[in-house]
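Read the structure below first, then the notes.
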Amino acid sequence: MLVKPGAVARGLVGEVLARFERRGLKIKAMKYFQMSRELAEEHYGEHRQKDFFDGLVGSITSGPVAAFVLEGPDAISVVRRMMGVTDPLAADPGTIRGDYGLDIEANIVHGSDGPESAVREIALYFSEDEIV
């Protein structure tokens, strides 16, 4: 899970993480860093041929991000439901994006959409010895 630069700049990292912890998910790893363009392009690789690719890369590299590995029963589904739909204007109140998102690019968080993408994304940001 990533807390995106806009949310970091707004001081929302603790609030976002607290929601997941209160839900019962456990933090297995965390890191705060400035994402490189190369890493962002790898992260969003499946969107490379889409019109919005450059916007995604520009947004995620515009400031520091906070990356987390969260663990718990059905963690991916739980995180996705708690985040809300991608477009904050369509996200339900009570979801992270619904409560804090400003627009589709400034939608606060990124979460893996399935087990395969979770494995791939975790490996992008963490080595095995960084996961507790």
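The values are calculated or read from the model by the stated rules, or taken from the named source; none is laboratory data. Small disclaimer: the values here were computed from a predicted structure and weren't measured. Ideal geometry is used to build each Cβ from the backbone, glycine not excepted, and the neighbour counts take in all protein chains shown.
Restricting attention to region 84-111 and to residues that are buried (at least 19 other Cβ atoms within 10 Å of the Cβ), touching a residue at least 40 places away in the same chain (Cβ under 8 Å) and under 12 Å from the mean Cα position of the chain (by Cα), the residue that is nearest to ALA18 (Cα to Cα) turns out to be ILE96. Condition first: without any contact (Cβ under 8 Å) to a residue 60 or more places away in the chain and either closer than 23 Å to LYS28 by Cα or touching a Phe, Trp or Tyr at 6+ places or on another chain (Cβ under 6 Å) (or both). Now tell me which residues in region 63-82 satisfy that. Once the filter is applied, which keeps residues that are without any contact (Cβ under 8 Å) to a residue 60 or more places away in the chain and either closer than 23 Å to LYS28 by Cα or touching a Phe, Trp or Tyr at 6+ places or on another chain (Cβ under 6 Å) (or both), region 63-82 yields PRO64, GLU71, GLY72, PRO73, ASP74, ALA75, ILE76, SER77, VAL78, ARG80, ARG81. Close contacts from region 11-23, counting a first residue that is under 19 Å from GLY72 (Cα atoms) and a second that is among the small types (Gly, Ala, Ser) and surrounded by fewer than 17 Cβ atoms within 10 Å (Cβ to Cβ), with Cβ to Cβ under 8 Å and a gap of 6+ residues or different chains, come to ARG23/GLY72. Of all residues in region 86-119, those that are over 14 Å from ALA7 (Cβ atoms), of a type outside the set (S, T, N, Q), assigned to a helix (DSSP H, G or I) and touching a helix residue (DSSP H, G or I) at 6+ places or on another chain (Cβ under 9 Å) total 2. So for region 8-21 (the condition being modelled with pLDDT under 95, outside any helix (DSSP H, G or I) and surrounded by fewer than 19 Cβ atoms within 10 Å (Cβ to Cβ)), does at least one residue qualify? Checked region 8-21: no residue is modelled with pLDDT under 95, outside any helix (DSSP H, G or I) and surrounded by fewer than 19 Cβ atoms within 10 Å (Cβ to Cβ). Of the residues screened, ALA66 is one that is under 21 Å from ASP113 (Cβ atoms), in contact with a Leu (Cβ under 8 Å, 6 or more places away or on another chain) and at pLDDT 95 or above. A residue that is β-branched (Val, Ile, Thr), in contact with a Phe, Trp or Tyr (Cβ under 7 Å, 6 or more places away or on another chain) and within 19 Å of ILE122 (Cβ to Cβ) occurs nowhere in region 3-10.
If we scan region 42-62, do we find a residue that is outside any helix (DSSP H, G or I), touching a strand residue (DSSP E or B) at 6+ places or on another chain (Cβ under 9 Å) and either without any contact (Cβ under 8 Å) to a residue 40 or more places away in the chain or not charged (D, E, K, R) (or both)? Yes, region 42-62 contains at least one residue that is outside any helix (DSSP H, G or I), touching a strand residue (DSSP E or B) at 6+ places or on another chain (Cβ under 9 Å) and either without any contact (Cβ under 8 Å) to a residue 40 or more places away in the chain or not charged (D, E, K, R) (or both). Inside region 118-132, residues that are more than 21 Å from VAL16 (Cα to Cα) and either in contact with a Pro (Cβ under 6 Å, 6 or more places away or on another chain) or among the hydroxyl-bearing types (Ser, Thr, Tyr) (or both) make up a count of 1. Residues that are surrounded by 19 or more Cβ atoms within 10 Å (Cβ to Cβ) and in contact with an Asp or Glu (Cβ under 7 Å, 6 or more places away or on another chain) within region 22-42 comprise just one, LEU25.
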